[in-house]
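In what follows, a structure is listed as structure tokens, so that the remarks can point back to it.
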Amino acid sequence: MKEEWRHSHPFLILHNLKGFFYMLIIPLVRGFVTAFGGGLAAWLNSAWVDILVFVFILLGSVWQWRCCTYRFDRRGLHARQGILIRRTYYIPLQKIATLCAVHSFYLRPFGAVNLRADTLAGSKKRNDFSLFVSKSEAQRILQLRLQAVSSSSSLTRQYRPKSLYVAALAAFSSSSFAGVVFLATLVSQTGKLLGNEFSERIYGTFSRVTHLLAFGLPPAAAALGYLLLFGWLCAFTVNFIRHKNFCLRRQGNALYITGGIFTKREYAVAVQSINFLDIRQSVLSWLLRFCSVHIHAVGYSKHSDDVSGVVPAVRTRDVQKTLHLFFPEFIPDKRQLKHNWGALFKFIGDPSWGCILIPVCTLLLRWLLPDWGDFIGWVGFMLCFPAYWFLTVRLIDYFTSGIAREGDRFTLRYSSGYFLHTVVLPRDKIAWVCLRQSPIQYFDKKCDLLVFSFSEGERRHHIRNLDWQAAAELFGLQK
């Protein structure tokens, strides 16, 4: 039976008014002030133009909602939008890589859900299609997508991690810098809504608390340290809330992923749309023998507030068993090709500069500016942490990096930034391969391997100082 055309959720009317909110708030406030001072007649005499503009914008938003219709059936998504310029969209169901339903806390009172669809041809930053629907309609559409890539006879496997594992993922993936940026944005936006006096009180309270808890440190240095610590705690809390109630379910070739407390997110992902699987570790998780498993699929974890992993945390000894249950197509293999043991400087050369220059510059500045000696020493001490942490990552990378191939499946082990990666990449997801040689590597017959995979934007995998001939043969390249 052919599905009928439906209107999107009426919340779209309010969503369309969002861009005009700041234009409307000033005349509305002015109108209320006038009404309190001179009554309703004075308000109507002074604000009739504002009222007319508001009514015109409201009617335009309602008409825009009336013109937004859609139909989602077993063939795919059909949609019509626009008032003056009409647009008709069609996305075949099999071409949707990821379908996501976002139950934001501010949408729940309205019974609305933001439904997002992404395909291989979409933008890196924006969803291919976004629609407001009811909760029941979102469930119906998600089930249609799941049924399209699975069968009722397929075995269903489900994974719900313990809260401790979710906390581990939040701890390992949280960044102090990201937390500080989040705090600064939150305080800034709150100040705009409640006035600059409110944000100044927050800053003043933070300054007083810092002075009380300085414990002999220079106040500026203590403020920097507490700011980074509080930023990390803030980022940890946000990540934990985002991944709490996480659930992974696989049936056939379909993945169903949910997570979140205040904002619940549901994902329907086709396994064939996964570009690669990434087993990720930080230095701390490597020492504790834990790792988290992530997938790179079009539309999944596209936005900064999305659920990022598919297995938040698992012991290293159990990762193979977990992958056999949920991702048998992406099982990592042992290293077949690795760098020579004399390539140590290739790994630690870049981070060593920071480890040497930061202490030297700190001592030099303390000698040149003795009055600022305590503050400079504390800042230099704080800067040494990321420098030596980066050096530690590269040292672990030196002992673990390499590549392997099993049929049309490649396993790439390398480090990027402050994380260690074990990437399982199918051959048909590789865009191109580059064997890069420096002058020294050319005479030594070594190379750096750069593998670029299909994705929304460029994704590069960099493995250092491999044997040129062996790497070329592994990827079927000719000299």
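The values are calculated or read from the model by the stated rules, or taken from the named source; none is laboratory data. Just so it is clear, the structure is predicted and the values come from calculations on it, not from any experiment. Every residue, glycine among them, receives a Cβ derived from its backbone with ideal geometry; neighbour counts consider all protein chains shown. Areas reflect the complete protein model, heavy atoms only, side chains present, ligands, DNA and RNA absent. Shrake-Rupley method; radii C 1.70, N 1.55, O 1.52, S 1.80 Å.
Beta carbons closer than 6 Å, at least 6 apart along the sequence or on distinct chains, pair a first residue in the stretch 231-255 that is touching a residue at least 40 places away in the same chain (Cβ under 8 Å) and open to solvent by 40 Å² or more (accessible area, probe 1.4 Å) with a second that is part of a helix (DSSP H, G or I) and not aliphatic (A, V, I, L, M) for Trp232/Ser176; Trp232/Gly179.
Checking each residue of the stretch 274-297 against the condition of being open to solvent by 20 Å² or more (accessible area, probe 1.4 Å) and over 18 Å from Leu169 (Cα atoms) gives no match.
Residue-wise test of (1) exposed (fewer than 13 other Cβ atoms within 10 Å of the Cβ); (2) at pLDDT 90 or above; (3) more than 30 Å from Ser285 (Cα to Cα); (4) over 34 Å from the mean Cα position of the chain (by Cα).
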position: Thr422; (1), (2), (3), (4): no, yes, no, no
position: Ile430; (1), (2), (3), (4): no, yes, no, no
position: Tyr442; (1), (2), (3), (4): yes, no, yes, yes
position: Asp448; (1), (2), (3), (4): no, yes, no, no
position: Gly457; (1), (2), (3), (4): yes, no, no, no
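Residues in the stretch 374-396 include at least one that is closer than 14 Å to Ser416 by Cα and either open to solvent by 80 Å² or more (accessible area, probe 1.4 Å) or more than 30 Å from the chain's Cα centre (by Cα) (or both).
For Arg409, the test of being closer than 26 Å to Ala97 by Cβ, open to solvent by 60 Å² or more (accessible area, probe 1.4 Å) and modelled with pLDDT of 90 or more is failed. Tell me, please, whether a residue that is touching a residue at least 12 places away in the same chain (Cβ under 8 Å), among the basic types (Lys, Arg), surrounded by fewer than 19 Cβ atoms within 10 Å (Cβ to Cβ) and within 23 Å of Asp305 (Cα to Cα) can be found in the stretch 137-157. No. Residues in the stretch 258-291 that are hydrophobic (A, V, I, L, M, F, W, C) and in contact with a Cys (Cβ under 6 Å, 6 or more places away or on another chain): Ile279 only.
For (1) aliphatic (A, V, I, L, M); (2) at pLDDT 80 or above; (3) touching an Asp or Glu at 6+ places or on another chain (Cβ under 6 Å), each residue gets a yes or a no:
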| position | (1), (2), (3) |
| --- | --- |
| Gln139 | no, yes, no |
| Ser151 | no, no, no |
| Leu155 | yes, no, no |
| Arg160 | no, yes, no |
| Ser173 | no, no, no |
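Within the stretch 286-301, at least one residue is within 25 Å of the chain's Cα centre (by Cα) and assigned to a helix (DSSP H, G or I). Among the residues of the stretch 118-135, just one is touching a strand residue (DSSP E or B) at 6+ places or on another chain (Cβ under 9 Å), open to solvent by 50 Å² or more (accessible area, probe 1.4 Å) and of a type in the set (Gly, Ala, Ser), namely Ser130.
Scanning the stretch 426-465 for residues that are on the phi > 0 side of the Ramachandran plot and of a type in the set (Lys, Arg) yields a count of 1.
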